[in-house]
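Values in this text are rule-based calculations from the coordinates and carry no lab data. Fair warning: this is a prediction, and the values are worked out from it, not measured in the lab. Counting neighbours? That spans all protein chains shown, and the Cβs are built from the backbone with ideal geometry, glycine included.
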C-alpha cells in the first residue's frame, strides 16, 4: 500500500509540473499606431488565457460631402473595451516560443464607441454621427525585442449609429469591418 501511495504522489507531482498553464500577463500597458490612428491600451488578466483590453485613442477618418464636394481628414476619439481569449499560449510555450506581453493568437469581441467629437476642421453643414460597434475579431500579436510589438486582426460585426435629436439624416445601422495592422511599444 505504501508503494502505491508513493507511486501516485510521484505521478501526480510529475503531471502537475508538466501541466502548468501558460498565462497572460497580470497587466501590460502600451501604445500602438497604424495607418488609421494612434491608441494607448492596457490589458488586465481575467483568467490564465483571457485578458480585458481597454483602449483610448484617435481613429482616422476621411469624409466627403458628396462625390464632387469637399473632402477632408479628421481624427475621431475612440473608446474601446475588448475581452481577448489567447487560445494558443500553451502550444507556444511547448514550442519554446515567446508569450511575454501577451504574444499569441486571440479571439476578441471588440466594442468601440466614437463620441460626437471631431479633431480637425469640418464644414459647418457637416455633422459627425456618433456610433457604437461590436465586432468579433481574430488576430495575432507578436513581440520583437523587449518592448516592440506588431499586431494584426480582422473581424466583421455590427455598427449602430446614435441618432441626434431634431436632426433628420438618412443612415443605416449595419455591418462594420475591423481590419487593423499596428506596431506598438510596451512599457
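Dimensions of segment 22-186 along principal axes (Cα, Å, largest first)?
Principal-axis extents of segment 22-186 (Cα, largest first): 58, 26, 24 Å.
Taking the number of other C-beta atoms within 10 Å as the exposure measure, put 148, 73, 106 in order starting with the fewest.
Details: 148 14, 73 10, 106 25.
Going from least to most buried by this count: 73, 148, 106.
Would you kindly state how much longer the chain becomes between residue 173 and residue 111 on full extension, computed as 0.36 nm times their sequence separation minus their alpha carbon distance, in nm to one decimal?
Details: separation 62, 0.36 × 62 = 22.32 nm, distance 1.51 nm.
Taking 0.36 nm per residue and subtracting the Cα distance, the gain is 20.8 nm.
Give me the percent relative contact order of segment 22-186, please, defined on Cα pairs under 8 angstrom at least 6 residues apart. The partial results should precede the final answer.
Details: 412 pairs, mean separation 31.5, N = 165.
After rounding, I find 19 percent.
State, to one decimal in nm, how far the label point of residue 36 lies from the label point of residue 98, with both points 7 Å from Cα in the Cβ direction.
Once both label points are built, they end up 2.7 nm from each other.
Give me the one-decimal nm value for the distance between modelled label points at residue 158 and residue 26, 7 Å along each residue's Cα-to-Cβ direction.
About 3.8 nm separates the two model spin labels.
Arranged by the count of other C-beta atoms within 10 angstrom, fewest first, what order do 24, 118, 81, 76 take?
Working: 24 26, 118 18, 81 13, 76 21.
Neighbour counts put them in this order, fewest first: 81, 118, 76, 24.
By counting other Cβ atoms within 10 Å of each Cβ, how are 44, 133 ranked from fewest to most?
On the way: 44 14, 133 22.
Exposure proxy ranking, most exposed first: 44, 133.
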